[in-house]
Amino acid sequence: MKNKEKIIVSATRLFNENGFVNVRLQHISDDTIISVGNIAYHFRNKEAIVNEIFVSLEKELRAALIEYRNTPIFENVERVFSSVQAVQEQYSFFFTDIVEIKRSHPDLFEKLQALFQWQVFMFEEILRFNHSRGALISLSENATSFLALHIIQTLNAWPALVLGLDQKENTPKHSLSEYLWQILYAYMTESGKEEYQIMRDQMIKY
């Protein structure tokens, strides 16, 4: 692994574990055995490292939602939830330190907000698709946007919620997914509920 990659891997882990505001270049240097001067050769400051990590976060979050864009049936929506949660765990500090990011890195905060708004737009499309195939009830455009916003806000707030409850190790792997499906359940048609139950039964079986 090249030094630049080592720096990114180390910084991501340290930011996740300690909160990025508490991590200095010296901590990354100690962890990687790469001098601060050598780190500065690749990244002029900590903000540059954070921005580099954001590029990976954005790429992976977009990939998680785009993969099943054309056929977001319930089974694939479940995969989207699981994929997004995996990305969140990999880059958790972006979600748990959002207030600090807003305060100290306003440009990065704007990028995060734009990414989250894109997630809402993509989930609006998922909702419309499932309405068109009869799995969800008909909603107005405003109601569709509100529901998509509710889903994405819940999704993105989950890492901070888990951290706040101090249950990171004890929270069931599928608890976020189950919570999101409970939000959606109220908007399902009878056929949608049947499809959902079949999917849940298969998940329990395997």
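The values are calculated or read from the model by the stated rules, or taken from the named source; none is laboratory data. Bear in mind that the values here come from a model prediction, so they are computed numbers and not experimental data. A quick note on method: Cβ atoms are made from the backbone with ideal geometry, for glycine too, and the neighbour counts reach across all protein chains shown. Each accessible area value is taken on the protein alone, full model and side chains, heavy atoms only, with ligands, DNA and RNA left out. Shrake-Rupley method; radii C 1.70, N 1.55, O 1.52, S 1.80 Å.
Within the range 3-26, the set of residues being touching a helix residue (DSSP H, G or I) at 6+ places or on another chain (Cβ under 9 Å) and either open to solvent by 70 Å² or more (accessible area, probe 1.4 Å) or of a type in the set (Asp, Glu) (or both) comprises Lys4, Lys6, Val9, Arg13, Glu17, Asn18, Val21, Asn22, Arg24, Gln26.
Scanning the range 72-107 for residues that are surrounded by fewer than 17 Cβ atoms within 10 Å (Cβ to Cβ), of a type outside the set (Asp, Glu) and in contact (Cβ under 8 Å) with a residue 40 or more places away in the chain gives Ile73, Ser82, Gln90, Ser104.
Does Gln119 satisfy being within 10 Å of the chain's Cα centre (by Cα), under 18 Å from Leu180 (Cα atoms), surrounded by 21 or more Cβ atoms within 10 Å (Cβ to Cβ) and without any contact (Cβ under 8 Å) to a residue 60 or more places away in the chain? Yes: the conditions hold for Gln119.
Residue-wise test of (1) over 22 Å from Glu17 (Cα atoms); (2) at pLDDT 95 or above; (3) part of a helix (DSSP H, G or I); (4) under 14 Å from the mean Cα position of the chain (by Cα).
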site: Ile28; (1), (2), (3), (4): no, yes, yes, no
site: Ile34; (1), (2), (3), (4): no, yes, no, no
site: Tyr41; (1), (2), (3), (4): yes, no, yes, no
site: Ile49; (1), (2), (3), (4): no, yes, yes, no
site: Phe54; (1), (2), (3), (4): no, yes, yes, yes
site: Leu65; (1), (2), (3), (4): yes, no, yes, yes
site: Arg69; (1), (2), (3), (4): yes, no, no, no
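For the range 130-157, the set of residues classified as surrounded by fewer than 16 Cβ atoms within 10 Å (Cβ to Cβ) and assigned to a helix (DSSP H, G or I) consists of Ser132, Glu141, Asn142, Ala143, Phe146, His150, Gln153, Thr154, Ala157, listed by residue number. Counting only helices (runs of 4 or more DSSP H) that sit completely within the range 73-117, those holding 2 or more residues that are closer than 29 Å to Lys193 by Cβ correspond to 74-90.
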